[in-house]
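> Here it is, the structure in full.
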Amino acid sequence: MTDLEVFALELAKVAAEASLPHFRTDVSEINKAEPGSFDPVTEADRAAERALRAAINARYPEHGIIGEEYGEENPDADYVWILDPIDGTRAFISGLPLWTNLISMRHQGVPVIGVVGQPYIGEVFIGGPAGAYLFAGENKTPIRTRKCAALSQAIAATTDADIFLGEDRHSWERLKDTVRMARYGCDAYAYAMLAAGRIDVVLESELKVWDWSALMPLVKAAGGDFTGWDGQMPTIEDGRVLAVGDPALRDPVLALLKI
């Protein structure tokens with residue numbers, strides 16, 4: 001593995017040590033959304049991001065950082081770390097072990113290393129130049145996406161169908177009605193399962209750059225494809241992403257989205 005991949009794994013331990021002690025405790029939460037909406041943040045989110053930023057600044061002070069909780073530092077640097085300290089905060093405060101720590105390294109605007117860590121289960125997924133792997137305890141296992149002959153045989157996932165607005169909701173419904181089975185509520189963990197060959201399609205909208213930047217390198221390193229709904233690299237402005245385990249599924253899904 002490259003030095004940056006090794007460091008990304010070290011950051012996964014940092015995030016785990018800062019966030020896991022708060023899980024299934026009476027950790028306080030704040031609703032940072034506008035009245036009538038719910039977008040929670042907890043001390044676990046903030047503690048994990050503070051710890052990650054300190055570790056990055058100590059090792060690579062010239063690198064940039066973009067984080068969900070504490071904003072941007074040197075975001076135009078060649079190397080930028082993108083942090084979602086706890087993806088799936090709703091799952092976290094509900095005691096469900098489907099939240100993850102997301103860590104990404106972006107080089108010249110493109111995410112090239114992605115880490116998805118689930119400390120309670122004890123899993124860390126990483127994708128980058130050295131390939132895609134699952135670390136569980138002392139075990140390091142290569143992971144690959146699986147082949148899927150047709151959408152009718154696929155398992156699809158999204159976090160919450162209610163997030164899709166307007167025509168986007170109809171696009172999800174068409175996909176859901178085409179595939180063999182749809183699953184909900186897994187947040188970023190669904191992409192880890194896609195990279196590990198258990199899920200075939202993940203479709204989402206309304207994502208921020210810290211929600212998807214770690215997922216793109218993981219899915220691609222495992223043999224899948226990751227794009228926006230237009231088939232191009234996702235953008236900060238759009239927030240609609242598609243991940244497929246078998247790249248042959250990309251065009252059939254994109255065609256469904258455009259009907």
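The values are calculated or read from the model by the stated rules, or taken from the named source; none is laboratory data. Keep in mind that what you see is a predicted model, and the values were worked out from it rather than measured. Positions of Cβ are backbone-derived with ideal geometry, glycine not excepted, and every protein chain shown enters the neighbour counts.
> Just to be sure I understand the filter: pairs with C-beta atoms under 8 Å, separated by 6 or more residues or on different chains, first member in the range 151-177 and farther than 16 Å from Asp200 by Cβ, second member among the polar types (S, T, N, Q). Which pairs pass?
Pairs that qualify, where the first residue is farther than 16 Å from Asp200 by Cβ and the partner is among the polar types (S, T, N, Q), are Ile163/Ser205; Phe164/Thr158; Phe164/Ser171; Phe164/Ser205; Leu165/Ser205; Asp168/Ser205.
> Name the residues in the range 207-259 that are β-branched (Val, Ile, Thr), in contact with a strand residue (DSSP E or B) (Cβ under 7 Å, 6 or more places away or on another chain) and over 21 Å from Gly131 (Cβ atoms), would you?
Correct list: Val209, Thr235, Val241, Val253.
> May I pose another question? Select the strands (runs of 3 or more DSSP E) contained entirely in the range 1-120, then report the ones holding at least 2 residues which are of a type in the set (D, E, K, R) and assigned by TED's automatic domain parsing to the domain that holds Glu138.
Ranges flagged: 71-73, 79-87.
> Residues that are within 23 Å of Val80 (Cα to Cα): find the helices (runs of 4 or more DSSP H) completely inside the range 138-223 holding 1 or more of those.
In the range 138-223, the matching helices (runs of 4 or more DSSP H) lie at 189-195, 209-212, 215-221.
> Taking Thr227 as the residue in question, decide whether it is more than 25 Å from Gly117 (Cβ to Cβ) and hydroxyl-bearing (Ser, Thr, Tyr).
Criteria not met by Thr227.
Residue-by-condition table, conditions (1) of a type outside the set (Gly, Ala, Ser); (2) modelled with pLDDT under 95; (3) within 19 Å of the chain's Cα centre (by Cα):
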{"site": "Ile93", "(1), (2), (3)": "yes, yes, yes"}
{"site": "Pro97", "(1), (2), (3)": "yes, no, yes"}
{"site": "Leu102", "(1), (2), (3)": "yes, no, yes"}
{"site": "Gly128", "(1), (2), (3)": "no, no, yes"}
{"site": "Leu134", "(1), (2), (3)": "yes, no, yes"}
{"site": "Glu138", "(1), (2), (3)": "yes, yes, no"}
{"site": "Pro142", "(1), (2), (3)": "yes, no, yes"}
{"site": "Ile155", "(1), (2), (3)": "yes, no, yes"}
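> Shifting gears a bit: Any idea which residue in the range 234-259 is farthest from the chain's Cα centre (by Cα), counting only those that are exposed (fewer than 14 other Cβ atoms within 10 Å of the Cβ) and over 17 Å from Lys147 (Cα atoms)?
Ile259
> Of everything in the range 178-209, what is without any contact (Cβ under 8 Å) to a residue 40 or more places away in the chain and of a type in the set (Val, Ile, Thr)? Give them in sequence order.
Val179
> Within the set of pairs 6 or more residues apart or between chains, which connect a residue that is modelled with pLDDT of 95 or more inside the range 42-65 to a residue that is assigned to a helix (DSSP H, G or I) and not hydrophobic (A, V, I, L, M, F, W, C) with Cβ atoms less than 6 Å apart?
Pairs that qualify, where the first residue is modelled with pLDDT of 95 or more and the partner is assigned to a helix (DSSP H, G or I) and not hydrophobic (A, V, I, L, M, F, W, C), are Ala48/Ser19; Ile65/Arg53.
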